[in-house]
Amino acid sequence: MRKLVFVVSIIIFIVLINNLARSIYDLWKKQDLITSAQKGLEAEKAENARLKRELTIASKPDFIEKEARDKLFLVKPGEAEVVLPNIASRSAKEKKDTSPNWVKWLRILKLYAH
């Protein structure tokens, strides 16, 4: 009878140890999940703060007026609108050299004059 009680108590002890180990492992995994969620929350809070700063800047009348003038080309009553023609870039004015590279090297070395 003592042997039976001893074996049963050992089995119960093993089951308890197994359950405790699983519980500890689950808590450990959940702690990692909580930590990663907190990092994500901090990142989102920083993004939220940045967006709030942008909103306060964008809601100022000076910013609204500047954007309306720059992007929508709006003018105040009494102001004259000035449109400048497109100035061709410097590279467009210059003639591109389409000669092969070996000819360009000969020109650099002063062996070919064309």
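The values are calculated or read from the model by the stated rules, or taken from the named source; none is laboratory data. Computed from a predicted structure; not experimentally measured. Neighbour counts run over all protein chains shown; Cβ positions are idealised from the backbone, glycine included.
In table form, for the structure just shown:
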quantity	calculated
Segment 53-70: number of residues that are within 17 Å of Glu81 (Cβ to Cβ) and of a type in the set (A, V, I, L, M)	1
Residues of segment 74-114 that turn out to be at pLDDT 85 or above and either in contact with a Phe, Trp or Tyr (Cβ under 8 Å, 6 or more places away or on another chain) or assigned to a helix (DSSP H, G or I) (or both), as a count	8
Breaking point among (1) surrounded by 10 or more Cβ atoms within 10 Å (Cβ to Cβ); (2) hydrophobic (A, V, I, L, M, F, W, C); (3) at positive phi, for Phe73	(1)
Some residue of segment 82-93 being of a type in the set (Lys, Arg) and either surrounded by 10 or more Cβ atoms within 10 Å (Cβ to Cβ) or touching a Ser or Thr at 6+ places or on another chain (Cβ under 6 Å) (or both)	no
Cβ pairs under 7 Å, 6+ apart, first in segment 68-86 and without any contact (Cβ under 8 Å) to a residue 12 or more places away in the chain, second loosely packed, with under 10 Cβ neighbours inside 10 Å	Val75/Glu81
Enumeration of residues in segment 1-28 that are of a type in the set (Lys, Arg) and surrounded by 10 or more Cβ atoms within 10 Å (Cβ to Cβ)	Arg22
Meets criteria (among the polar types (S, T, N, Q), out of contact with any strand residue (DSSP E or B) (no Cβ under 7 Å at 6 or more places or on another chain) and in a helix (DSSP H, G or I)) for Ser9	yes
Checking Thr35 against (1) surrounded by 10 or more Cβ atoms within 10 Å (Cβ to Cβ); (2) over 28 Å from the mean Cα position of the chain (by Cα); (3) part of a helix (DSSP H, G or I), the condition it does not meet	(2)
